[in-house]
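Contents: one structure, followed by commentary.
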Amino acid sequence: MEIINKNLIKHQSYIDGEWLEMLDGSTTSIYNPANQEKIGDVSSCGIKEINKAIEAACIAQKKWAKVPSKEKSEALNRLYLLMLENQEDLAKIITYEQGKPLLESRGEILYGAAYIQWFAEEAKRIYGDIIPGHMSDRRTVVIKQPIGVVGCITPWNFPSAMLARKMGPALASGCAMVCKPAPQTPYSALALAYLSKEAGLPKGLFNVIISDAEIFGSAILKSSAVRKLTFTGSTATGKKLLKASADTVKRVSLELGGHAPFIVFDDADLESAIDGAIAAKYRNSGQTCVCANRIYVQSKIYEKFCEGFIEKVKLIKTGNGLDDDTDQGPLIDENALIKTKKHVSNATELGGLIALGGKTHKLGGLFFEPTIIKNSNDKMLVANEETFGPVAPIFAFETEREVIQRANNSPYGLASYFYTRDLAKSWRVSEELEYGMVGLNTGIISSEMAPFGGIKESGMGREGSKYGMDDYLEIKYISIAGVDD
Ligand code: SIN
């Protein structure tokens, strides 16, 4: 990888403040999805090293919990500044291993750093309560304390920001972490581990493990010392982790799959709805769990919306994310390509009209054309499953009641979007949509200041905002007796 600060490139797990030497010689090669060129080999570790990281995290956590919140805040702020200082290199690492365009990678670094900065501030605001005593001699005090050691599993689609947004609240609240990045994208997490050391975070507090998912999962889930698991990834894996967490009754935060409806009512500002749909659909080549998956357009404006949408999507330039003029990079791997193709062919078999794209891009490899499918219907796979690719199916609808019913007809409940200029409808639809997040007249909803998370099978818990800290805290109440004279 061609970057300036070569120290950011690490190939080994980071455990108890040290870069682990390769123990058994087992390595995994990491490839750039844009051209399949190998970008490096990382060494995998096994159960012994994972347990060592858990032990180190236990020791570090006990000390860290006692560090004054102002000092925790200062350490996190140093990390925040280091992320900004190294923004360009960190962004390049993302693009090399994940494929997204550099512009988006730069944005991802700022996005992740914003969570670190936000929680650095929140560290100083972990307030408790005083509750009126239930007897005349009693006083009741509520304090909040860190949960303890947190096991953390992060995805490949935002290899830096998804880790940063777990790391911010975990460390700010006084927890320690043992983290495993996705196998496709280890380098962004290892770079954050390097910066955590530079920022002066104590050894053992933040550990990054390169390991097989099964081995890591089972070590973390079996350990009664690990009190919480936080996971971002697929609903299928999230369900397995949730079940397996029962044996040690861990607190679990899950940020899982989505199947976002994007509704355009006929009174919407059309230009703004088109721009919002493009932002919500094609960000990261359609590989985000908040991507618009089902675009519902009211029948009166259906053709006009499609015309404008097609014109603008045509301008998206697909290519290697490292090239300055690229708007859309490759898909992450062969499986992603296969799924995207399957969704498109199923849609055409069931009456969909390919209005744009629809096939592998002429660049070949893992590149897929930005695609639009008109005349989409509810029987298609695209109407029922997350595509995780650059495919926009457009459905027509007649009434508000009908579209809400169709939008809610999904086991998922992460993000949803709608466009209208009607105030009453804005309230009604916002309340009716069974989703953890609603974008009203916007296609971009993510921010460190807002509670990111889903309902139904999209997960549990919230990341970011003042609510994000609660996921890492236990409530303790102290009943003080004998206060009477
Ligand atoms: C995700 O796709 O998991 C996160 C997207 C975001 O934070 O905007």
Region 423-485 - percent of accessible surface contributed by carbon and sulfur, probe 1.4 Å
57 percent
Once you have the alpha carbon radius of gyration of the chain, what is it after dividing by 2.2 N^0.38 Å, with N set to its residue count?
1.01
Judged on accessible area alone, 1.4 Å probe, highest first, 449, 460, 437 line up as 449, 460, 437
Hey, could you grab the Kirkwood Rh for region 1-143? Inverse mean 1/r over distinct alpha carbon pairs, Å, one decimal.
18.7 Å
Roughly how far apart, in whole Å, are the Cα centres of region 275-317 and region 218-273?
25 Å
Å² of accessible area per residue within the chain, as computed with a 1.4 Å probe and no ligands counted
41 Å²
What accessible area, in Å² to the nearest ten, does a 1.4 Å probe give for residue 192?
0 Å²
Over the chain, what is the relative contact order in percent, taking alpha-carbon pairs closer than 8 angstrom and at least six residues apart?
18 percent
Counting only protein heavy atoms and leaving out ligands, DNA and RNA, the solvent-accessible surface of residue 55 at a 1.4 Å probe, in Å² to the nearest 10, equals 120 Å²
Ellipticity estimate at 222 nm from DSSP helix runs (n ≥ 4, -39,500 (n - 2.57)) divided over the chain, nearest 500:
-11500 deg cm²/dmol
Leaving ligands and nucleic acids out of the surface, order 196, 345 by accessible area at 1.4 Å, largest first.
345, 196
Would you kindly enumerate the cysteines in the chain that have no other Cys beta-carbon under 4.7 Å from their beta-carbon?
45, 58, 175, 289, 291, 306
Portion, in percent, of the accessible area of region 210-251 that falls on carbon or sulfur, probe 1.4 Å
61 percent
Cβ-based net charge around residue 382, under 15 Å, with every Lys or Arg adding one and every Asp or Glu removing one
+4
In whole percent, how big is the carbon plus sulfur part of the accessible area of region 1-119, probe 1.4 Å, protein atoms only?
54 percent
Applying the gyration tensor rule to the Cα atoms of region 393-440 (axes a ≥ b ≥ c; rounded if a/c under 1.5, else prolate if a/b exceeds b/c, else oblate), the class is oblate
For region 182-244, what does the equivalent ellipsoid look like in terms of its semi-axes, each the square root of 5 times an eigenvalue of the Cα gyration tensor, given largest first in whole Å?
24, 15, 10
Hits among aspartates and glutamates - C-alpha to C-alpha of residue 341 under 16 Å, sequence gap 8 or more where chains match:
333, 349, 369, 385, 386
Given a 1.4 Å probe and heavy atoms of the protein chains only, how would you sort 141, 149, largest accessible area at the top?
141, 149
Taking a ≥ b ≥ c as the square roots of the Cα gyration tensor eigenvalues, with a/c under 1.5 meaning rounded and otherwise prolate when a/b beats b/c or oblate if not, region 102-169 comes out prolate
Can you tell me, using C-alpha contacts under 8 Å and at least 6 residues apart, the relative contact order of region 373-485 as a whole percent?
18 percent
For region 242-336, just say rounded, prolate or oblate: build the C-alpha gyration tensor, square-root its eigenvalues into a ≥ b ≥ c, call rounded for a/c under 1.5, and beyond that prolate if a/b exceeds b/c, oblate if not.
oblate
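The values are calculated or read from the model by the stated rules, or taken from the named source; none is laboratory data. Please read all numbers here as calculations on a predicted model, not as lab measurements. Don't worry about glycine lacking a Cβ; one is built from the backbone with ideal geometry, like all the others, and counts go over all protein chains shown. Calculation scope for accessible area: heavy atoms of the full protein, side chains included, ligands and nucleic acids excluded. Shrake-Rupley method; radii C 1.70, N 1.55, O 1.52, S 1.80 Å.
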